[in-house]
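See below for the structure under consideration.
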Amino acid sequence: MLESELPDRPTRTAEASGIATSKVVATVFEGLLADIHEGRLLPGEHISDTALAASYGVSRTPVREAIQRLREIGVIEASANRFTRVAVVSPRTTAEAVVVWSALFGALLDETIPGAGASTLEAMSEDHADFQAAAASRDMQAMATANFHFFNRLTPLSKNESLRRAITSVMHLVRLGGLHLPKTIDYAALYEAQSTLLDAVRTHDVSLAHEAMAAIRSIRIPTESDEI
């Protein structure tokens, strides 16, 4: 397939992140991001821009730009003349990203909870059920995916473009790091926090939404130094 023949594909993720500079770049960006989050590209796995260009039927230029955008949100890392690979996100980095995300998400809740509608509640309820099912079998991939979708339902409701972009970017890092967190983390507490946030969306209760975020912040993520 030639670069000019690439089909129109949804670019909502790329546009929400403020990273797309062309439809071709957005296509490669979202394809790589999906491969990373769905486990087809694993942390530490090397990436070849030449191979990707051939796979997508495009030149190396948009591939390199898409990779650079993915580096900017932390899901790909590179060392000059050595490697380009899917980032290995440590528990410490995940914990730090959660701190940033929770601060930003608090501002999002103030704006979006009062006007969240029935369709948002329904989608979040389905994600919540998916998370519960995945947690029962300790399927880390499915848990990270369901958790990402659950919280990300509120992001498009914001009219603050800078806030949407910042939250989307850091949430991708949290999602990737969430694939490799210790199974000793209190996922039951995270499930309960989701339940509280659902109640907040249902009742448009901003204070209750912040209670849910406080519960999330209290969940301890062990870091490397904890294990020494």
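At-a-glance table
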| quantity | calculated |
| --- | --- |
| Exposed trypsin sites (Lys or Arg not before Pro) absent - longest run of the chain, DSSP non-H/G/I/E/B, at most 13 other C-beta within 10 Å | 83-137 |
| Dipole magnitude (debye, nearest 20) for the chain, charges at Cβ of Lys, Arg, Asp, Glu | 500 debye |
| Selected from Pro156, Gly106, Ser207, residue furthest toward positive end of dipole (the stretch 91-227; charges at beta carbon) | Pro156 |
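Every number here is computed from the coordinates shown, using simple stated rules; none is lab data. Computed from a predicted structure; not experimentally measured. Backbone-built Cβ (ideal geometry, glycine too); neighbour counts: all protein chains shown.
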